[in-house]
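The values are calculated or read from the model by the stated rules, or taken from the named source; none is laboratory data. What you are looking at is a predicted structure, and each value in this text was computed from that prediction instead of being measured. Cβ atoms come from the backbone with ideal geometry, glycine included; neighbour counts cover every protein chain shown.
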């Protein structure tokens, strides 16, 4: 799985019980996963279709660092399904506990909001990179190295 984003729980993020509000975590998941799916699919025109069940397994307190990880589960003709984990990161030990996990489906759309196919080369590129590098998104430096190896 790839690290998509990191977030620190701030004062004001907590609900009435002193834990980070679940709706904020849901929004963090949707935002992070959408940006990841957009990069994987080479388009900004992507919308959330479905988010599977979320079970909140750990409380998140002010000052806790959250790390959101993701990976592609599958591609459809116009959709991509991601597996997402939100983990609470302990800065002292490096240990991480899963706060929640889910699958989320995005659909590529056109200017009118109608589904558009995800290009075949996009899907192939993701699986090739995953096999070769262990991740689907490469840094500019990694892309440069690949280009200079050819």
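Could you list, in sequence order, all residues of the range 95-112 that are in a strand (DSSP E or B), in contact (Cβ under 8 Å) with a residue 60 or more places away in the chain and surrounded by fewer than 17 Cβ atoms within 10 Å (Cβ to Cβ)? Once the filter is applied, which keeps residues that are in a strand (DSSP E or B), in contact (Cβ under 8 Å) with a residue 60 or more places away in the chain and surrounded by fewer than 17 Cβ atoms within 10 Å (Cβ to Cβ), the range 95-112 yields only 109. Just one residue in the set 74, 79 is free of Cβ contacts under 8 Å to residues at least 12 places away in the same chain, at negative phi and touching a strand residue (DSSP E or B) at 6+ places or on another chain (Cβ under 6 Å); that residue is 74. Number of residues in the range 1-17 that are free of Cβ contacts under 8 Å to residues at least 60 places away in the same chain and either assigned to a loop (DSSP other than H, G, I, E, B) or surrounded by 15 or more Cβ atoms within 10 Å (Cβ to Cβ) (or both): the value is 9. Counting only residues that are surrounded by 15 or more Cβ atoms within 10 Å (Cβ to Cβ) and part of a strand (DSSP E or B), the range 49-94 holds 22 of them.
Listed here are the residues, each with its yes/no results for (1) more than 30 Å from residue 61 (Cα to Cα); (2) modelled with pLDDT under 95; (3) touching a strand residue (DSSP E or B) at 6+ places or on another chain (Cβ under 9 Å).
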{"site": "97", "(1), (2), (3)": "no, no, yes"}
{"site": "101", "(1), (2), (3)": "no, no, yes"}
{"site": "108", "(1), (2), (3)": "yes, no, yes"}
{"site": "114", "(1), (2), (3)": "yes, no, no"}
{"site": "120", "(1), (2), (3)": "yes, no, no"}
{"site": "123", "(1), (2), (3)": "yes, no, yes"}
{"site": "130", "(1), (2), (3)": "yes, yes, yes"}
{"site": "134", "(1), (2), (3)": "yes, yes, yes"}
{"site": "146", "(1), (2), (3)": "yes, yes, no"}
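Put simply, of 140, 115 the only residue that is farther than 19 Å from residue 5 by Cα and either surrounded by 15 or more Cβ atoms within 10 Å (Cβ to Cβ) or over 17 Å from the mean Cα position of the chain (by Cα) (or both) is 115.
Using the structure shown, decide if residue 74 is more than 20 Å from residue 134 (Cα to Cα) and modelled with pLDDT of 95 or more. So residue 74 fails the test. Number of residues in the range 18-48 that are over 18 Å from residue 86 (Cβ atoms) and in a loop (DSSP other than H, G, I, E, B) equals 5. Give the residue that is farthest from residue 94 (Cα to Cα), with candidates limited to residues of the range 37-48 that are surrounded by 18 or more Cβ atoms within 10 Å (Cβ to Cβ) and in contact with a helix residue (DSSP H, G or I) (Cβ under 9 Å, 6 or more places away or on another chain). Selected residue: 46.
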